[in-house]
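Below: one structure, written as structure tokens.
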Amino acid sequence: MNDQPSASNWVRAEPGQPRLNGVNWGGLKTLYIKEVRRFFKVQLQTVWAPAITTLLYLVIFTVALGRSGRTVLGHPFADFIAPGLIVMAMIQNAFANSSFSLLVGKIQGTIVDYLMPPLSTGELLAGLVSASVTRGFLVGGALWLVMLFYPGVHVAVHHPLAALWFGLMGTLLLSFLGVLTSIWAEKFDHAAAVTNFVVAPLSLLSGTFYSVESLAPTFRAISHANPFFYIISGFRYGFLGEADSPVVLGAVALLVVNLLLWWLCFTLLRRGWKIKS
């Protein structure tokens with residue numbers, strides 16, 4: 001009678017096969033904290049400086065156009081542009097954060113720090129995107145706090161769920177776009193090109209400083225094809241209760257776009273395109 005255990009009792013998994021089941025919450029938490037600490041160590045540059053810079057837009061435009069009693073959508077001009085400025089700063093900083101992590105790893109040769117830990121593709125993407133969304137909301141919160149004490153501007157939130165949804169959808173969209181940029185880019189000039197020629201124009205031409213209803217039909221149709229427009233309009237609805245686009249349509253459209261961008265980011269990361277040799 002053979003009392004020796006069989007080989008099947010000793011080998012629990014094929015060599016090279018992952019043995020972690022479910023979500024690696026510890027690893028995901030560690031990556032998230034690492035990414036948040038990275039930008040929070042220089043919070044004066046990554047949180048407060050963007051908030052103050054965006055506040056300058058409010059000062060300039062209210063001084064130039066707001067003192068004449070101008071109203072847009074039935075609200076004073078300063079109240080109209082304030083929510084758009086908040087969410088514009090949120091999405092731009094979410095993009096800046098997510099477009100930096102993998103790119104600096106590729107340039108400095110430390111990309112292995114992201115690829116070697118026992119994290120799945122979904123966990124890696126979730127950690128990077130969650131940290132970028134956090135930075136976006138921190139910038140938006142800082143800017144909102146400053147605007148609360150700015151004379152002549154009212155930033156009371158009338159529909160918190162709408163403001164939260166469109167703020168989340170906007171920061172997610174730009175976070176995914178930033179991850180795509182960091183995967184594709186090979187140097188900082190490539191990421192700067194996307195910022196200067198894609199993100200900045202789409203942000204500034206999204207109805208932040210004007211109502212698209214005042215545009216010619218052709219330019220109005222172009223504006224409605226800009227996903228940033230639905231972010232700005234929906235977030236503004238959360239503050240003013242007024243929007244120049246269908247709020248439900250914008251909420252659904254942004255969700256669909258985010259799902260498509262998630263799938264694209266997940267596929268490229270899993271294949272290791274421009275990341276793994």
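The values are calculated or read from the model by the stated rules, or taken from the named source; none is laboratory data. As the structure is a computational prediction, the values presented were derived from the model and not from experiment. Don't worry about glycine lacking a Cβ; one is built from the backbone with ideal geometry, like all the others, and counts go over all protein chains shown.
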The lone exception for residue 178 - which of (1) among the small types (Gly, Ala, Ser); (2) out of contact with any Ser or Thr (no Cβ under 9 Å at 6 or more places or on another chain); (3) closer than 28 Å to residue 236 by Cα it fails: (2)
Hey, residue 238 within 15 Å of residue 161 (Cα to Cα) and surrounded by 22 or more Cβ atoms within 10 Å (Cβ to Cβ) or not: yes
Residue within the stretch 211-226 that is out of contact with any His (no Cβ under 9 Å at 6 or more places or on another chain), under 22 Å from residue 87 (Cα atoms), of a type in the set (A, V, I, L, M, F, W, C) and in contact (Cβ under 8 Å) with a residue 24 or more places away in the chain present: no
Scope the stretch 172-192; condition under 24 Å from residue 223 (Cα atoms) and modelled with pLDDT of 95 or more; matching residues: 172, 173, 174, 175, 176, 177, 178, 180, 181
Any hit, the stretch 103-121, residues being crowded, with 24+ Cβ neighbours inside 10 Å, touching a residue at least 24 places away in the same chain (Cβ under 8 Å) and part of a helix (DSSP H, G or I): no
Residue selected from the stretch 102-124 under the condition among the small types (Gly, Ala, Ser) and closer than 14 Å to residue 276 by Cβ, by the criterion farthest from the chain's Cα centre (by Cα): 109
Criterion: assigned to a helix (DSSP H, G or I), under 19 Å from residue 54 (Cα atoms) and of a type outside the set (S, T, N, Q) - qualifying residue of 235, 209, 219: 235
Which numbered condition residue 58 fails, given (1) at pLDDT 60 or above; (2) closer than 21 Å to residue 126 by Cα: (2)
Residue 193, sole failed condition from (1) surrounded by fewer than 23 Cβ atoms within 10 Å (Cβ to Cβ); (2) farther than 30 Å from residue 269 by Cα: (2)
Residue in the stretch 159-167 that is aliphatic (A, V, I, L, M), under 18 Å from residue 135 (Cα atoms) and in a helix (DSSP H, G or I) present: yes
Residue match in the stretch 154-164 (condition: in contact with a Ser or Thr (Cβ under 9 Å, 6 or more places away or on another chain) and either at pLDDT below 95 or surrounded by 14 or more Cβ atoms within 10 Å (Cβ to Cβ) (or both)): no
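Which of the residues spanning the stretch 73-108 are among the β-branched types (Val, Ile, Thr) and within 21 Å of residue 140 (Cβ to Cβ)?
Correct list: 81, 86, 87, 91.
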Any hit, the stretch 33-42, residues being touching a residue at least 60 places away in the same chain (Cβ under 8 Å), out of contact with any Phe, Trp or Tyr (no Cβ under 8 Å at 6 or more places or on another chain) and crowded, with 19+ Cβ neighbours inside 10 Å: yes
Filter result for residue 251 (farther than 25 Å from residue 102 by Cβ, among the aliphatic types (A, V, I, L, M), in contact (Cβ under 8 Å) with a residue 40 or more places away in the chain and surrounded by 15 or more Cβ atoms within 10 Å (Cβ to Cβ)): yes
